[in-house]
Every structure is written in C-alpha cells, then in structure tokens.
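Bear in mind these aren't lab numbers, they're just calculated from the coordinates by the rules spelled out. These figures come from a predicted structure and were not determined experimentally. As a convention, Cβ positions derive from the backbone with ideal geometry for all residues, glycine included, and neighbour counts pool all protein chains shown.
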Amino acid sequence: MKSRKIKFKDGESALRQIRQALGKISQEEFARRIGTTVRTVSRWEKGDATPTFTIDQVKNLKREIESIGLTIEDLPSQLGRTKPPATKTRGTAKK
C-alpha cells in the first residue's frame, strides 16, 4: 500500500486532492473508479454541487483512498470545494 498522507488545503476540493494523490488521474478515470459521471466529479470539484454518495460509491471511494494510505476518518467533513458566499450587487440608481 502506498502511503501518501494528504494535508487537505482549505478552499481546494478534497476530492481533487485525492484524485491527484492517486497519480493525477483524470476526472473521467476517477468517476469510473467510484461509479459516477465526469460531470458530477467536475461539479463537486468546482463547488457547484455537494458531494453525495451511494453505499457502493462509498465502498469504491474507500478502496481508492486506502490504496494511498488514507482511511475514511482521514477525510475532511467537506469533500467538495468550498466557495465563498455570493455577494449581492446593488443596482445603481438612475439619475
């Protein structure tokens, strides 16, 4: 088993960091390995969607992270990219 402990960085997708630690595999390959679509992985990594998993996907993810020396307990509570809250823009008054 390869041991590549990851120090998860704030503001960056934990899933992307895991994917990179797995040998810089593509989103397509990562999606195939865990049983989802490329679009879903992309949305998770961009922070456009919150990662949710089926039981089979959790098992697949567990297998992948164990291959790099991680356990479920090592994962941060937020796997997707954290985005700052949207700021409201105020319109300008017409003169």
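Would you mind ranking Ser26, Ser13, Ser42 by Cβ crowding within 10 Å, fewest neighbours first? Let's see the in-between values first.
Working: Ser26 11, Ser13 22, Ser42 15.
Ascending Cβ contact count within 10 Å gives the list Ser26, Ser42, Ser13.
For the stretch 14-74, what is the charge dipole size about the Cα centre, in debye to the nearest 20, if Lys and Arg each add +1 at the Cβ and Asp and Glu each add -1 at the Cβ? Please report the intermediate quantities before stating the final value.
Working: 11 positive and 9 negative charges, 39 e Å.
I would put it at about 180 debye.
What distance in nm lies between label points placed 7 Å from Cα along the C-beta direction at Lys46 and Ser77?
Taking the two extended label points, one gets 2.7 nm.
Order by neighbour count: Thr52, Thr40, fewest other Cβ atoms within 10 Å first, most last. Kindly include the intermediate steps, with their values, before the conclusion.
On the way: Thr52 11, Thr40 17.
Fewest to most other Cβ atoms nearby, the residues stand as Thr52, Thr40.
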